[in-house]
Amino acid sequence: MIEHLRRAIEQPISLPQEIAVFRNRAGRIVQRRLVQSGFRAGEAILELNGSSGKTNFGGMQICWKITSTGHTGKRAPKFAAGVEYFDADKVGSRVLVRHWRPGDRFQPIGLRARVKLQDLFTNEKIPRLTRHQLVVAATASGDLFWVEGLRIAERFKLDKQTLCRLKWQWLRGNPVLRVGTGRVSLSPTF
C-alpha cells in the first residue's frame, strides 16, 4: 500500500470504515471519507416449521423457539435484552431476514399507522452508518415484524388470543452501535 501511495497520484486506497488514503499532487498523504449508499445486500429465509432453530446473519446469531401458550397458563413471558416475543401464528412458518431497504414501512407497537423506517431512524437519532447495519425480519407476505433494537410490530404482538408464542433472540457477534430511545450506545461482544 505504501508503494502504491508513493507511485500513484490522486489514486485512493480503500481502508476499513469507508476511509480512503491517497497522495495528492503536492505529495501529501490525505485521507477522505468515501460516500457510499451503505445498503447491504443479502437475505436469509428461515423455516420455522420445527419448534426451535438458529442461524447467523449480518454479524449476529438469531435463535427462535415456538411454544404453546397452553402449558404456560397464558403468563407473560420474561423479557430480557436481545429477546422479543411474537404471536407465532401471525408471523407464520416462513421468515425473511435481511437488512432494511429504502421504502420499508413498519408499524411499531403503540403507533396507529405504518411509518417509513427511514423516518423512524431519523426520529430515534440513529446514525446513518449504524442504521445500514440493522437487521429486519419480515413475514412471507413481506410485512416487517421486527427491526433490530426497536419496538416490535403492533400487528404481531402477543394478545389474549395468542395460542403459540415465538421467542426471537439475537446476539451480535461484533461490537456495534446499539439503538435505544434517542440514544446510541456500544453493545458488548457476545
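Worth pointing out:
- Any chance ARG94 is surrounded by 17 or more Cβ atoms within 10 Å (Cβ to Cβ), in contact (Cβ under 8 Å) with a residue 40 or more places away in the chain and not aromatic (Phe, Trp, Tyr): no
- Here ARG178, ARG151, ARG128, ARG165 are screened, and the one residue that is touching a Ser or Thr at 6+ places or on another chain (Cβ under 6 Å) and modelled with pLDDT under 90 is ARG178.
- For the range 1-57, residues that are assigned to a strand (DSSP E or B) and modelled with pLDDT of 65 or more total 19.
- Residue ID - surrounded by the most Cβ atoms within 10 Å (Cβ to Cβ), chosen from residues in the range 58-91 that are in a strand (DSSP E or B) and β-branched (Val, Ile, Thr): ILE62
- So ASP119, is it among the acidic types (Asp, Glu) and more than 19 Å from ILE62 (Cα to Cα): yes
- All positions within the range 118-151 that are surrounded by 20 or more Cβ atoms within 10 Å (Cβ to Cβ) and within 26 Å of PRO77 (Cα to Cα): LEU134, VAL135, VAL136, ALA137, ALA138, LEU144, PHE145, TRP146, VAL147, GLU148, GLY149, LEU150
The values are calculated or read from the model by the stated rules, or taken from the named source; none is laboratory data. Remember, it's a predicted structure, so these values are computed and weren't measured experimentally. Note that we place each Cβ from the backbone using ideal geometry, even for glycine, and neighbour counts take in every protein chain shown.
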